[in-house]
Amino acid sequence: MSFPKSECDVLSALNSARLVVQLAQEKGVVRDNLSYREPLYHVGAIVADAALQAGLNYRTVVKVRIDRIVQDFPEAATLSGMFNVIASIGVAEFLRWHHNTKVSRFVCVAELLRDEGVNDFHQLRTWLQNPACRQKLRAIHGVGPKTVDYLCGLVGLDFVAVDRHIRSFASDAGITAADYDFLQTVVSYAADLLGVSRRHFDASIWTYVSSQKAGRQGRAPLELPFGGSIAVA
């Protein structure tokens, strides 16, 4: 995560964070909707989730595929096991996705991890805490800062992944800035001011915004990304 480099930037981020805190308190985001994202202890599912999630409906498109991978391919919980599976059935069948862009992204991320000596969940979590990993991931076509932070969230690291839900909530709070790093810092500071985990606050905003949208459209609320259970305080 990038932090503001000057005192002026810090003050600007803190002032914006207070606006996010005020809205979160008004809407009961923490009081009524504090959501907990459990890490996903399955490397094959983690890589698939990170490769597929951008621009797709999580509940109806991504989650069903991730749940199937976890259930049908327990051996793919390690990277070596995952490569054995896809050697047998192919990447497209493993993902149940045939569009080349996301398939290629999945393969590139998986091959990078293999080249970096990553095999199991704990090795992946450790590797993602090395700042050098971000540049290597970002070198893959289609992998931006949000995907990297999302991947960190999948293994339980305390990051905010700035997606359209975060941007929508920040906009409702009166924040007009669109810069990714600035919005990430603002929401991170807001979580600190509220005394909650940054990734849990991210999850709570995601749950709140998706529930509001679903309610307006007469649909059931969307299910939280990152797998695992959702505990609402």
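The values are calculated or read from the model by the stated rules, or taken from the named source; none is laboratory data. Note that the structure is predicted; figures quoted are calculated from it, not measured. Note: ideal-geometry Cβ built from the backbone for every residue, glycine included; neighbour counts use all protein chains shown. Accessible surface areas use protein heavy atoms only, side chains included; no ligands, DNA or RNA. Shrake-Rupley method; radii C 1.70, N 1.55, O 1.52, S 1.80 Å.
Select from the stretch 117-130 the residues that are within 16 Å of residue 82 (Cβ to Cβ), assigned to a loop (DSSP other than H, G, I, E, B) and either aliphatic (A, V, I, L, M) or open to solvent by 90 Å² or more (accessible area, probe 1.4 Å) (or both) and list them in ascending order. Talk me through it step by step, then tell me what you get.
Within the stretch 117-130, the subset within 16 Å of residue 82 (Cβ to Cβ) is 117-124, 127.
With assigned to a loop (DSSP other than H, G, I, E, B) added as a condition, the list becomes 117-120.
Result: 118, single match.
Mind checking whether some residue in the stretch 76-86 is of a type in the set (Val, Ile, Thr), closer than 27 Å to residue 191 by Cβ and either part of a helix (DSSP H, G or I) or open to solvent by less than 10 Å² (accessible area, probe 1.4 Å) (or both)?
First, the residues of the stretch 76-86 that are of a type in the set (Val, Ile, Thr): 78, 85-86.
Subsequent filtering for residues that are closer than 27 Å to residue 191 by Cβ retains none.
Within the stretch 76-86, not a single residue is of a type in the set (Val, Ile, Thr), closer than 27 Å to residue 191 by Cβ and either part of a helix (DSSP H, G or I) or open to solvent by less than 10 Å² (accessible area, probe 1.4 Å) (or both).
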(message) Quick check on the stretch 169-179: of everything there that is under 14 Å from residue 22 (Cβ atoms) and not small (Gly, Ala, Ser), which residue is surrounded by the fewest Cβ atoms within 10 Å (Cβ to Cβ)?
(response) 172
(request) Give the stretch 92-111 a look and list any residue that's over 22 Å from the mean Cα position of the chain (by Cα) and open to solvent by less than 50 Å² (accessible area, probe 1.4 Å), or say none. (result) 92
(message) Suppose the filter is modelled with pLDDT under 95 and open to solvent by 20 Å² or more (accessible area, probe 1.4 Å); does residue 114 pass it?
(response) no
(request) Given the conditions (1) within 23 Å of residue 65 (Cα to Cα); (2) open to solvent by 20 Å² or more (accessible area, probe 1.4 Å); (3) of a type outside the set (S, T, N, Q); (4) under 18 Å from the mean Cα position of the chain (by Cα), report the number of the one that residue 198 does not fulfil. (result) (1)
(message) Here are the criteria: (1) among the small types (Gly, Ala, Ser); (2) open to solvent by less than 10 Å² (accessible area, probe 1.4 Å); (3) modelled with pLDDT under 90. Tell me which single one residue 45 does not satisfy.
(response) (3)
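Conditions (1) small (Gly, Ala, Ser); (2) modelled with pLDDT of 85 or more; (3) in a loop (DSSP other than H, G, I, E, B); (4) surrounded by fewer than 23 Cβ atoms within 10 Å (Cβ to Cβ), marked per residue:
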site	(1), (2), (3), (4)
181	no, yes, no, yes
184	no, yes, no, no
193	no, yes, no, yes
206	no, yes, no, no
211	yes, no, no, yes
233	yes, no, yes, yes
(request) Only residues that are more than 11 Å from residue 159 (Cβ to Cβ) and among the charged types (D, E, K, R): list them for the stretch 188-212, please. (result) 192
(message) For the stretch 1-37, give me each residue that is modelled with pLDDT under 80 and surrounded by 14 or more Cβ atoms within 10 Å (Cβ to Cβ).
(response) 1, 4, 33, 34, 35, 36, 37
(message) Among the residues of the stretch 102-118, are any touching a Ser or Thr at 6+ places or on another chain (Cβ under 9 Å) and under 30 Å from residue 25 (Cβ atoms)?
(response) no
